[in-house]
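Report on the following structure.
The values are calculated or read from the model by the stated rules, or taken from the named source; none is laboratory data. All values reported here derive from a predicted model rather than from experimental measurement. Please note: Cβ atoms are built from the backbone with ideal geometry, for glycine as well, and neighbour counts cover all protein chains shown. Accessible surface is based on the protein model in full, side chains and every heavy atom, while ligands, DNA and RNA are left aside. Shrake-Rupley method; radii C 1.70, N 1.55, O 1.52, S 1.80 Å.
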Amino acid sequence: MNHLSSQSLPVSVISTFWLALFFLLIFFFLPLLVVFGVSFASRGLYGGVEWILTWDNYRRLADPLIGVIFFRSLIFAAMTTMVCAIIGFPLAYVVARVSPGWQLVWLTLVMIPFWTNFLVRTYAWILILRADGLVNGFLLTLGIQSEPLSLLFTDFAVALGLIYGYLPFMVLPLIVAIERISPRLEEAASDLYASRGAMFRYVVLPLSKPGFMAGGVLVFIPSLGAFITPYILGGGQKMMIGTLIQQEFLVSRDWPFGSALSFGLMGTALILWFLVNRTSLGKNVT
Amino acid sequence: MLQNVVKTHGQVVAVDHISLRVESGEFFSLLGPSGSGKTTLLRLVAGLDSPDSGTIAIQKRIVNADPPHARPVNMVFQQYALFPHMTVRENIAFGLKMQRKARLEVERAVESMVALVRLEGKMERFPGQLSGGEQQRVALARALVNRPVVLLLDEPLAALDQQLRQEMQIELKRVQQEVNATFICVTHQQDEALMLSDRIGVMNNGRLLQVGTPQEIYGKPISSTVARFIGLSNSFSGVVTRREKDLCWIEKEHFPLVVARCPEGLDLGPAMVMVRPEDIHIAVGQPQRKYENTLPAVVHHVAFHGHEVLYQFRLENGATWTARVSNADAHTRSLSIGQPLHIQWATHEGYALSD
């Protein structure tokens, strides 16, 4: 292959390729390899890594307690992805179909949150959700609620934080996908007796699938491993994979087990990715 | 069907007070250059745009307020707008499915439509796997399967190459005769409009200039714009100095007197004379007596088209005229570029128009 490519491609392209590969190797693959190695080591008495090779770290993944945490994280990630898709689609549709001038305004609004640190934005939610926060202040002043609602440090707060944090990752690929759908197709559907609802159901939604796929991965994978949001908005009360891994590395100082957990998470994501692709590929072929 | 319809896009008046009646079962073409408002007119009938004023009626029912999916009208879009994620079968069945027709009925209708447009064996393909001509047939079938009162076609053959276009023209005419529906077709190809239509409406700048049968439009264009658009490029402007019955005498400086047919209502004064390319006779050497009108000219360009030869001439006033000579005549003489000669035509072959 190398022989072929050096014949047909210009030198600059080939050197860029090798440079990219080099950086990927140094900054991505090598650290991963280290973590993989550590996942087979043992924890030292005071938290160091001792190179006594063992399967123990992976055996501990089978612990029902770990299973519960994995399952909880999966549920949260799936729900976050779903809600992001439901909220994100109408938003993306509007942005994709408005005039170019308004599109810039909308795109800027979608991206403005990225200009602030994620941690700061998550802390901002504390101000909104806590007992003397914005929401409760509003409800109490209007007399809708006599006691402040406990919103912070609940599953609701975690879900809200995850959806808030990852919504743009769903919206942006969806905008790209919807923009590619010719408005003529919508007109054709409506000319062929489709109501507005039917037009979306049979034409726009199926054709937006590439956007849902890309957005789904971009939301699901990071929310599966999220640790800042469950830690800050959930108060660390319910353990998730992300918070567990963080705890193993920084609190329990069990690096080998933390590494094994990380690979367990990666394996889960890979298996899910494979399953999703296989089902969607099967659909496309027939 | 259309009464005083007006549609503006911002500052531009796309459709300017158009009134038009298309008869049931008719193949009606809207002919005009791009930007003349013909596509806008089609979209108004389909309900994809709504008029600023005026009424649109289909079968005596005013449909102004009806959304596209409530009108008994279907459209063949310019780039076909086939649903890329559906098979040919699903594309064609879409309209009937949306109308909640019984499954058996849908299947039967789709089968018969597929036979009509000759797409058997391609039912399970996706649009991306079809050729341009096949996609065109799917678009036609997808619209026709709903048995619309009016079928709207927006430049249906523009995306096809020359050979395929000629095949599809014949096909389109055959299908129209078989289903006996009203077709309204938008095109900028004059030969296509002339060949397919029962009647043609020539449009320019949002206005309907002339409506008539292909013979009327080609034989008696009412203005120089219509004449030019229908492919009559040979013209000069002069002054009508005398008229007698249906003939008039046109004078122009440095030009010999020309006699031409004259439409009713053309007064003495400035006018335009048109001669069709196929009516130009070429006289090498002495002009022939049997043609009343003669102009000196110089051969400018020769284009060999197989069955015919197109000659371009420069007149003394700098204008370019075209003569179309069938190849059987053409091979008998060979004209060289720069050769001076005379072009001639008979009185009844010239046509005077108000400018």
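Could you please find all residues in the stretch B:262-296 being of a type in the set (D, E, K, R) and surrounded by fewer than 19 Cβ atoms within 10 Å (Cβ to Cβ)?
Selection gives B:Glu264, B:Asp267, B:Glu278, B:Arg289, B:Lys290, B:Glu292.
Which of the residues spanning the stretch B:65-95 are farther than 15 Å from B:Leu48 by Cβ, within 9 Å of chain A (Cβ to nearest Cβ) and part of a loop (DSSP other than H, G, I, E, B)?
B:Leu82, B:Phe83, B:Pro84, B:His85, B:Met86
Looking at the stretch B:13-26, I want the residues that are assigned by TED's automatic domain parsing to the domain that holds B:Gly201 and have a partner that is open to solvent by 60 Å² or more (accessible area, probe 1.4 Å) and at pLDDT 90 or above with Cβ atoms under 6 Å, at least 6 apart or on another chain. Which pairs are those?
Once the first residue is assigned by TED's automatic domain parsing to the domain that holds B:Gly201 and sits in the stretch B:13-26, its partners that are open to solvent by 60 Å² or more (accessible area, probe 1.4 Å) and at pLDDT 90 or above give B:Glu26/B:Asp198.
Just checking, does the stretch A:77-99 include any residue being closer than 30 Å to A:Ala260 by Cβ and of a type in the set (Ser, Thr, Tyr)?
Among the residues of the stretch A:77-99, at least one is closer than 30 Å to A:Ala260 by Cβ and of a type in the set (Ser, Thr, Tyr), which makes the answer yes.
Quickly run through the stretch A:68-84 and pick out the residues that are crowded, with 19+ Cβ neighbours inside 10 Å, within 18 Å of A:Leu167 (Cβ to Cβ) and touching a helix residue (DSSP H, G or I) at 6+ places or on another chain (Cβ under 6 Å).
Residues satisfying the conditions are A:Ala77, A:Thr80, A:Thr81, A:Cys84.
With among the hydroxyl-bearing types (Ser, Thr, Tyr), open to solvent by 20 Å² or more (accessible area, probe 1.4 Å) and in a helix (DSSP H, G or I) as the only criterion, which of A:Thr229, A:Thr243, A:Thr279 stands out?
One residue alone meets the criteria, A:Thr279.
What pairs can you find where one residue is in the stretch B:54-77 and on the phi < 0 side of the Ramachandran plot, the other is among the basic types (Lys, Arg) and outside any loop (DSSP other than H, G, I, E, B), and their Cβ atoms are less than 9 Å apart, with a gap of 6+ or different chains?
B:Pro67/A:Arg196; B:His69/A:Arg196; B:Pro72/B:Arg61; B:Asn74/B:Arg142; B:Met75/B:Arg43; B:Val76/B:Arg142; B:Phe77/A:Arg184
If you take the residues in the stretch A:154-166 that are touching a residue at least 24 places away in the same chain (Cβ under 8 Å) and surrounded by fewer than 21 Cβ atoms within 10 Å (Cβ to Cβ), which one is farthest from the other protein chains (Cβ to nearest Cβ)?
Residue satisfying both the conditions and the ranking: A:Thr154.
Taking the condition loosely packed, with under 13 Cβ neighbours inside 10 Å, more than 24 Å from B:Val325 (Cα to Cα) and in the same structural domain as B:Leu341 (by TED's automatic domain parsing), does B:Glu251 pass?
Taking the combined requirement at face value, the residue does not satisfy it.
Can you tell me which residues in the stretch A:127-153 are of a type in the set (D, E, K, R) and buried (at least 16 other Cβ atoms within 10 Å of the Cβ)?
A:Arg130
On the basis of being of a type in the set (S, T, N, Q), touching a residue at least 24 places away in the same chain (Cβ under 8 Å), farther than 29 Å from A:Phe200 by Cα and surrounded by 14 or more Cβ atoms within 10 Å (Cβ to Cβ), does B:Ser34 make the cut?
no
Among the listed residues B:Arg142, B:Arg100, which satisfies the condition of being without any contact (Cβ under 8 Å) to a residue 60 or more places away in the chain and either within 14 Å of chain A (Cβ to nearest Cβ) or among the basic types (Lys, Arg) (or both)?
Selected residue: B:Arg100, the only one of B:Arg142, B:Arg100 that is without any contact (Cβ under 8 Å) to a residue 60 or more places away in the chain and either within 14 Å of chain A (Cβ to nearest Cβ) or among the basic types (Lys, Arg) (or both).
Could you check the stretch A:252-286 and list, in sequence order, the residues that are closer than 30 Å to B:Gly128 by Cβ and either modelled with pLDDT of 90 or more or aromatic (Phe, Trp, Tyr) (or both)?
Within the stretch A:252-286, A:Trp273, A:Phe274 qualify.
When you look at A:Phe169, is it of a type outside the set (Asp, Glu), surrounded by fewer than 16 Cβ atoms within 10 Å (Cβ to Cβ) and more than 14 Å from chain B (Cβ to nearest Cβ), yes or no?
No.
Under the condition of being away from every other protein chain (no Cβ under 14 Å) and not in a helix (DSSP H, G or I), which residue from the stretch B:38-57 is surrounded by the most Cβ atoms within 10 Å (Cβ to Cβ)?
Step by step, filter the stretch B:38-57, then rank; the result is B:Ile56.
Between a residue in the stretch A:16-42 that is farther than 17 Å from A:Ile52 by Cβ and part of a helix (DSSP H, G or I) and any residue that is open to solvent by 60 Å² or more (accessible area, probe 1.4 Å) and not hydroxyl-bearing (Ser, Thr, Tyr), which pairs come within a Cβ distance under 9 Å, given they are 6 or more apart or on different chains?
So the pair list comes out as A:Phe17/A:Leu9; A:Leu32/A:Met266; A:Val35/A:Trp255.
State yes or no: is B:Val240 open to solvent by less than 50 Å² (accessible area, probe 1.4 Å) and either within 30 Å of B:Asn146 (Cβ to Cβ) or touching an Asp or Glu at 6+ places or on another chain (Cβ under 8 Å) (or both)?
yes
What pairs can you find where one residue is in the stretch B:179-196 and over 15 Å from B:Leu30 (Cβ atoms), the other is not polar (S, T, N, Q), and their Cβ atoms are less than 7 Å apart, with a gap of 6+ or different chains?
Pairs that qualify, where the first residue is over 15 Å from B:Leu30 (Cβ atoms) and the partner is not polar (S, T, N, Q), are B:Val179/B:Leu144; B:Asn180/B:Gly25; B:Ala181/B:Pro148; B:Ala181/B:Leu151.
Quick one: count up the residues across the stretch A:184-222 that are more than 19 Å from the chain's Cα centre (by Cα), facing chain B (nearest Cβ under 9 Å) and open to solvent by 30 Å² or more (accessible area, probe 1.4 Å).
Qualifying residue count for the region: 8.
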